[in-house]
Amino acid sequence: MPPFFKSFPTVVGLLAATLVFADTARPNLVVIFVDDHAQHAISAYGSTINRTPHIDQLAAEGVRFNQSFVGNAICGPSRATLLTGLHSHANGQTGNRSRFRDELPTFAKTLQANGYDTAVIGKWHLPTPPNGFDHWAIKRGGYYNSAFETPNGRESSSGHVTDAITRQSIDWMTHRKNPFMIWISQSAVHRVWAPALRHLDHYEQQTIPEPETLFDSYSGKNTGASTAQMTIARDLFPAYDLMLPVTGEGILDRAGQRMLDTFTPEQRARWDAAFGPRNRAFAEADLRGDALTRWNYQRYIKNYLRCVDGLDESVGEIRDFLKNAGLDRNTIVVYTSDQGFFLGDHGWYDKRWMYEEAFRTPLIIHWPGVNSPGTQVEALVQNIDLAPTFLEMAQIHSHATMHGRSLVPWIRGQRPEHWREALYYHYQMIEPASRTSHLVARHYGIRTQYHKLIYFYDSKEWELYDLLSDPREVLNQYKNPLYQPIVRDLRTRLAQLREDYQDDTGPSFRSE
Ligand code: CA
């Protein structure tokens, strides 16, 4: 029996113990699930490039999981894992266009079946319609004036999408029945990083510090690292990603024009007033080489951080609403993202790789009256743990088939026995070869507290990182004789993890 199933009786025992405390009404659950928000753009996680006061406040009152990771750092798969508590190969959503096994148990279906009023508002990104929700409003469109698909048809909205999702979520919570669960699925800070008008001038007078690896040579890395199309230097599209003037050339340039076409005349005027003079100065500077890369980075990261400012304000608005509605004392608030993001790290934007910046994801949970304020947890946790956690919060036993384990003991300040000592990761999305694809090599791997072993199976290349001495992951130690005992140990444990999780997708490495 796999180790995580062996530990199930322990979880049941803890569940029984926690039921003793169940003398209050079942808590409400607000899951603020954002898109592409890296830990290192949150000041509670030590960001050196921005401040996030409302998220920090949630962490100060709640529990911050410092070693929080995903199992497959890409949008659709991460949502499928959130719902099912299963790694991608088991829930079917291995890539953005894969087939989600909608018949599987999900935390939403189970909460709904157990009397919770349930809603999802915002980004959905699964091929099947929402299932397990009494209400849903799924965003269609971009950052401005988006439409929302609802059970009653298509509804329009005005303004910035973060504000629209926040507004609709608060409106639903105003009219909800108790107990309730709402998945607030923010679509920021996903590409194209279009900030709200009120944030367009933030950071403009600053120079944001560059990451140490902005000019990574990819020396020692798999051959796919230097050919992936996600560089700050070459793969940000002028009109689409960098808010430069539309020239009419190329598919993403036309997409840039489509975004401008969604603006009202007033929004367009404010947008042009902000970017027009900056773009003229850029054209006059005629930058080349590293200077152009540095400019691209500043333009990209400032817009990214402006979008984060909108998310942070939204957290404040939601918590203010809960307080004013008298719901704050019995409502759990979770802040997490579908995965992290490269903020110029390794010279990249985007995600997908098992490297720390994308693999890590923020996870902050505030359970009023249950957690000690400012708790920090160093255990290895993963997005497979969220569904079992939400079920235990609602005093429902987890589905034994879920890969994850409930985090409730950690939230209560307990140390559950036999907690996992290693995480499994598998990215296997295949994109068509085109200029607009990122073309990240498929890989799986294992991460312990101190080391990470990755296997790029198409090129049969391995990478080993010593995370204590090399947290930026620039020194591949796989062939270093000093590390061979660790390589052997991690290869064995990786094979065991694939067996435990029954992942037979992607080739085995034992025969090589
Ligand atoms: Ca994402």
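Sequence-ordered 3J(HN,Hα) estimates for region 147-162 from the Karplus curve with 6.51, -1.76 and 1.60 and θ = phi - 60° stand at 9, 10, 7, 10, x, 9, x, 7, 10, 8, 9, 10, x, 6, 5, 5 Hz, glycine and proline given as x. Taking the three principal axes of the alpha carbon atoms in region 207-306, the coordinate ranges are 51, 29, 25 Å, sorted in descending order. Ligands, DNA and RNA are left out, and with a 1.4 angstrom probe the accessible area of region 303-448 is 28 Å² per residue.
In units of the compact-protein estimate 2.2 N^0.38 Å, region 223-268 shows a Cα radius of gyration of 1.42. Annotation for region 327-406: chymotrypsin sites (Phe, Trp or Tyr not before Pro) lying in DSSP loop with at most 15 further Cβ atoms inside 10 Å of their Cβ do not exist. Among the trypsin sites (Lys or Arg not before Pro) found in region 61-126, those both in a DSSP coil and sparsely packed, with 13 or fewer other Cβ atoms within 10 Å of their Cβ, are Arg97, Arg99. Stretching the chain fully between Gln502 and Ala400 yields a gain of 35.2 nm (0.36 nm per residue, less the alpha carbon separation). For Glu431, neighbours were defined as the other residues whose beta-carbon sits under 14 Å from its Cβ, and their charges (Lys and Arg +1, Asp and Glu -1) total +2. For Val377, the residues whose modelled amide H falls within less than 5 Å of its own, excluding neighbours fewer than 5 places apart on the same chain, are Arg64, Phe65, Asn66.
Taking label positions 7 Å along the Cα-Cβ direction at both Ala147 and Asp261, the computed distance is 1.3 nm, reported to one decimal. Shape class for region 55-151: rounded, because the ratio a/c of the largest to smallest gyration tensor axis (alpha-carbon atoms, square roots of eigenvalues) is under 1.5.
List the equivalent ellipsoid semi-axes of region 250-364 in whole Å, largest first, each obtained as the square root of 5λ for an eigenvalue λ of the Cα gyration tensor.
After diagonalising the Cα gyration tensor, the semi-axes are 33, 23, 13 Å.
With a 1.4 Å probe and all protein chains left in place, how much of the accessible area of the chain comes from carbon and sulfur atoms, in whole percent? After summing per-atom areas, the C and S share lands at 52 percent.
Taking a ≥ b ≥ c as the square roots of the eigenvalues of the Cα gyration tensor, an a/c ratio of 1.5 or more together with a/b no larger than b/c marks region 69-226 as oblate.
Solvent exposure of region 137-186, expressed per residue, is 40 Å² of accessible area, with all protein chains present and a 1.4 angstrom probe.
Can you give the Rg to Rh ratio for region 289-351, taking only C-alpha atoms and Rh from Kirkwood?
On the way: Rg = 17.1 Å, Rh = 14.3 Å.
That ratio is 1.20, to two decimals.
With R₀ fixed at 51 Å, the C-beta to C-beta distance from Ser437 to Ala269 puts the FRET efficiency at about 0.90. The convex hull of the Cα atoms of the chain, projected and averaged over all directions, covers 23.3 nm².
Taking every alpha-carbon pair within region 455-512, the share separated by more than 19 Å comes to 36 percent.
Full extension from Lys460 to Gln484: what is 0.36 nm times the residue separation minus their Cα-Cα distance, to one decimal in nm?
Taking Lys460 through Gln484 to full extension adds about 6.9 nm, to one decimal.
Ranked from largest, the principal axis spans of the Cα set of region 152-231 equal 56, 35, 26 Å.
The values are calculated or read from the model by the stated rules, or taken from the named source; none is laboratory data. Please read all numbers here as calculations on a predicted model, not as lab measurements. Backbone-built Cβ (ideal geometry, glycine too); neighbour counts: all protein chains shown. Protein only, heavy atoms only, side chains kept; ligands, DNA and RNA dropped before computing areas. Shrake-Rupley method; radii C 1.70, N 1.55, O 1.52, S 1.80 Å.
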